[in-house]
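Participant: Questions regarding the structure given below will be posed in turn.
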Amino acid sequence: MCQVDEEYNEQLEKRTVPSVSQRCVKCKEGTAALIIRAGDAFCRGCFKDYFVHKFRAMLGKNRLIFPGERVLLAVSGGQASSSMLAQVQEGLSRNAPKKLRFTPGIIYIDEGGACGQSMEEREGVIAELETMFRATGYPFHIVHLEQVFDLPISVLEAVSSAPQRPEGSYKAAVEQFVQNARVKGSCSPGEGHMDPAVLDAQIQLSHLDTQDLANGTPPSSLQHQQDLERLFASVRTLTAKEDMLQTLRQHLIVHTARTKGYTKVMMGDSCSRLAVKLLSNISLGRGASLAVDTGFSDQRYGDVIIVRPMRDYSSKEIAFYNRMFGVPSIFIPGLDTKAPEKASIQHLTESFVTMLQADFPSTVSTIYRTSEKLHTARPPHSSEMETVAKCLLCLCALDTKEAEEASAFHATLVSERLSEKRVPESAQVGSASTADTVGQCCSSGVGQEGGCSSRGQGCCSSNLTPVTPDLKSLLCYSCRLTIKDMTGVESLPPYIVSEAERRHRRSQMKKEISEFLLDDEEDEVAAS
Amino acid sequence: MPILCSSCGQKRAVLKRPKTGHSLCKECFFWAFEEEVHQTIVSAHLFNPGETVGIGASGGKDSTVLAHVLKVLNERYNYGLKLLLLSVDEGITGYRDDSLETVKRNQQQYELPLKIVSYEELYGWTMDAIVKQVGLKNNCTFCGVFRRQALDRGAMMLNVDKICTGHNADDVAETVLMNVLRGDIARLRRCTAISTASEGEGVVPRCKPLKYAYEKEIVLYAYFKKLDYFSTECIYSPNAYRGYARAFLKDLESVRPSAIMDVIHSGENLSVREGVRMPVQGNCTRCGYISSQALCKSCVLLEGLNRGLPRLGIGKHHRLHGKILAQEPLTQEEERKLKAIDF
Amino acid sequence: MAAPIALHLEFGGGAELLFGGVKDHQVTLPGQSQPWDMKQLLVWIRGNLLKERPELFVQGDTVRPGILVLINDADWELMGELSYELQDQDNVVFISTLHGG
């Protein structure tokens, strides 16, 4: 049907014909070297100033990283994260006018085992990265994706965050830090002029988990290599593979941060990357968590906060900066390298956004601005951290539990039920009651047993292999889609399966003891 | 060996459902499709017994299937609704003439009353005449804005309680993507609502009973039921930017068929940061229709057409609203800017 | 008849994978009656250097969106893009900014 039922009248800014050999718009003197996203031509020098300033401005504006805090830089070797590393070096260097004051470390996740790289290729890449990391003088951690098979169950628990710092404490902490530095006559990074609050948090953290990855089995034991291969072979679509990889990578980073005493993690997502991520996450059903997935800070893990300081740079700015100022980076083939356009939802979205951006230069910045206006459905309250049900895999608030009946989630369940073997009389049952059974039977793991057996023929998606243990009820809408694309869940790393079992036992226990418990509501009723 | 229906297990399956991946026979598909629309109507409380419901009928597949299914369900479940068809004649020669014939046949086939409201009688302009003045580039803006009000005015003439339209899951998902691409946060928030609230005078509440029905299934339903519908696209070019969103959604669907529902789920679960300004809805001071400005879009567009300044409604010229209301002439400079048909 | 010109071509950011993993290429374009421009260079690269998946490098008559081009270390958008007339000893760089390369 005709779709022009809403008023879309503002014309989109079409690409303009490039002009040749402009002067720099900033200093009006230098010869322009590149055009940045606003369509402005910059010379080399002004571009550098602009680029360097933007990084500090982003951190300054958000006031999340405290002086002396230990920050883990997630570096993939690619252009954006390598550029981020260079900006941190620049900002911490002695002569920088507005100095950064945190203590950095680097983490690299070697995903070669999931992307079909040979051992030699992986070792080559790691050797090259080690040289790059060593040159910075920062501590670095090389973690292999295979190590997910050694992760403890605690990764999947969001730790309640450190008490909120009062307003103005950032300024005080900075002043304190500067004063301490003056007394000591030195302010080189890594010497640990710790803000007491940070120190406390880190002492707590180091007790949190005693299992250290480095002390466990050798990272790439043959056993785990096979485990990882089996895991990725059990995922049927590239869309789900990419999603799984992202989830596991995130778990490894957070675990490393916790065990090594880092309280912040910096990710190198550029605004081009985030625009693609936002649109592909919408397509993957992750609308409820867009804000945490694409915002400046991501507090879903509680104690370790993810920040994205590169989110104001376009991939073009980054590529030009790296090229002009000799920032090293290496291209490491990933899951979707050389893949056809429609190989996965993520890949398709990237092609789409890049194509649209070529025709309409404001595409990326418009999508990116959309992300700034979004908020998580339920803003996380640090005190209620424990009580909000969270997705087993992505740790975002569940968007499936109290779904309204008139919703896409519910409608899909209805469709599934109506497409399966139907018991003749079920057709006559009133709509309200059948809707209820559907909701319970297919979305809650605990109710499943009773619900299904009483109705005889499987009402829970019979076209799927039955999963043991049932993960579905513990997952958000989008992670369910990923698991649905797997042939089975037996190959998942043990910490995920164990945590699922633990959660099921807990809710089972809660159910069993519920009749003996007086909850608050009943207390009130009794009192009145 | 043919694939058997996953529901009855006896008959040969005729289609694979994109939403769930099940294979169904014709009979089970009809049943499931109708039941799903019923579930949508019941769970979203779209109608109350005794209400008069106007079905926006264009003669296309969506509204034809909607009219058919609503008639079936109204009888099967005793909704107690008084259904009627509501059509808009935009005045597009060669497109509307034929599709209105289809609607008239539908009226006979479904034995539902039909009311046709024309742009000509409502606004004094047919789309053909508008295209003559504004050219082919922005005519869809006029058509869309005028149609919205035309349905409302037609509904009020007939004392209709609710209007329902044939928007399907693909349309809703496409609109979500479109609003993300345009950074239109206000529409992004509204566009997944299944019905509009009945607030404000001069506006009849609207709903989309086919919101969760895939376009593919609507076409198949119409095809297997041999429904009479008109399938030519509008002869005036459609919105180019929406074309991108549509093509992208089709690609998404081919990668993962549930993607259409997944996009809608995303849209339903978005929430907007506090402090982001939302336009305040008021009423048009001229015609009383809902509007966030002093004059509604329709009145501004109409004024532009009547003054021979079609650009008046295209782009932002809010500061001119006062002059229009006071029936004052514009300055030469203002007129010069609005006259050029270079859009 | 213009003389042959020598160019230094460089591929990075993953684009090199389409050229057998080789980043640097020293090439000589044959002499022809018209001066060489970027548009013709892309046709030449497609015919002489690309090892696989031409659609991942060129689309239509230009580079695939997401691949940046620098001519003598300046943005090609400042140099007239496809219409830039190549000079002997020019340095042309192609950097992919796409995630999966």
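Laboratory data are not the source of any read-out in this text; all were calculated from the coordinates shown. Quick caveat, the model's predicted, so the values are computed rather than measured. Cβ: placed from backbone, ideal geometry, glycine included. Neighbour counts: every protein chain shown.
Participant: Among C:99, B:45, A:141, B:265, which comes first, then next, by fewest other beta-carbon atoms within 10 Å?
Facilitator: The order, fewest Cβ neighbours first, is B:45, A:141, C:99, B:265.
Participant: Within a 10 angstrom radius of the beta carbon, how do C:37, A:49 rank from fewest other beta carbons to most? Before the final figure, lay out the partial values.
Facilitator: Numbers: C:37 15, A:49 12.
The order, fewest Cβ neighbours first, is A:49, C:37.
Participant: Please give the per residue volume of the convex hull enclosing the alpha carbon atoms of chain B, rounded to a whole number of Å³.
Facilitator: Per residue, the Cα convex hull of chain B comes to 151 Å³.
Participant: Here is a follow-up. Within 10 Å of each Cβ in peptide B:38-50, how many partner chain Cβ atoms are there on average? Round it to a whole number, please.
Facilitator: So the per-residue partner count for this stretch is 4.
Participant: May I pose another question? How much net charge surrounds residue A:149 when only the other residues with a Cβ under 11 Å from the Cβ of residue A:149 are counted, with Lys and Arg +1 and Asp and Glu -1?
Facilitator: Summing Lys/Arg as +1 and Asp/Glu as -1 gives -2.
Participant: Where Rh is the Kirkwood radius over the Cα pairs of chain C, the temperature 37 °C and the viscosity 0.692 mPa s, what D in µm²/s does Stokes-Einstein return?
Facilitator: Estimated via Stokes-Einstein, D reaches 241 µm²/s.
Participant: When you look at the Cβ of every residue in B:182-194, what mean number of other chain Cβ atoms sits within 10 Å?
Facilitator: Details: counts 8, 11, 5, 5, 1, 3, 5, 2, 1, 1, 3, 1, 2.
Per residue, the number of nearby Cβ atoms from other chains is 4 on average.
Participant: Something else about it: Please work out whether the stretch A:213-339 counts as rounded, prolate or oblate from its C-alpha gyration tensor, where a ≥ b ≥ c are the square roots of the eigenvalues and a/c under 1.5 means rounded, while otherwise a/b larger than b/c means prolate and anything else oblate?
Facilitator: rounded
Participant: Let me test this: with uniform point scatterers at the alpha carbons of the stretch B:115-162, what is the Debye-based log₁₀ I(q)/I(0) at q = 0.23, 0.27, 0.30 1/Å?
Facilitator: -0.80, -0.98, -1.11
Participant: Report the charge-dipole magnitude of the stretch A:11-152 in Debye, nearest 20, computed about the Cα centre from +1 at each Lys and Arg Cβ and -1 at each Asp and Glu Cβ.
Facilitator: Here the stretch A:11-152 has a charge dipole of around 1360 debye.
Participant: Just round it to a whole percent: the fraction of Cα-Cα distances in the stretch B:1-102 exceeding 22 Å.
Facilitator: For the stretch B:1-102, the fraction of Cα-Cα distances above 22 Å is 47 percent.
Participant: How well do other chains shield peptide B:249-256, expressed as the mean number of their Cβ atoms within 10 Å of each residue Cβ?
Facilitator: For peptide B:249-256, the averaged partner shielding equals 6.
Participant: Measure out, as a whole number of angstrom, how far apart the alpha-carbon centroids of the stretch B:30-87 and the stretch A:53-125 sit.
Facilitator: What the calculation gives is 57 Å, centre to centre.
Participant: Using only Cα atoms, tell me the angle between helix B:26-43 and the longest principal axis of chain B; keep it within 0 to 90° and round to the nearest 10.
Facilitator: So the inclination is approximately 50 degrees.
Participant: Which order do B:97, B:262, B:171, A:470 fall in if you start with the one that has the fewest other Cβ atoms within 10 Å? List each step's numbers first, then the result.
Facilitator: Numbers: B:97 11, B:262 26, B:171 22, A:470 19.
Fewest-to-most ranking of B:97, B:262, B:171, A:470: B:97, A:470, B:171, B:262.
Participant: Can you flag which of A:421/A:472; A:54/A:316; B:211/B:250; B:16/B:225 are past 19 Å Cα-Cα?
Facilitator: A:421/A:472
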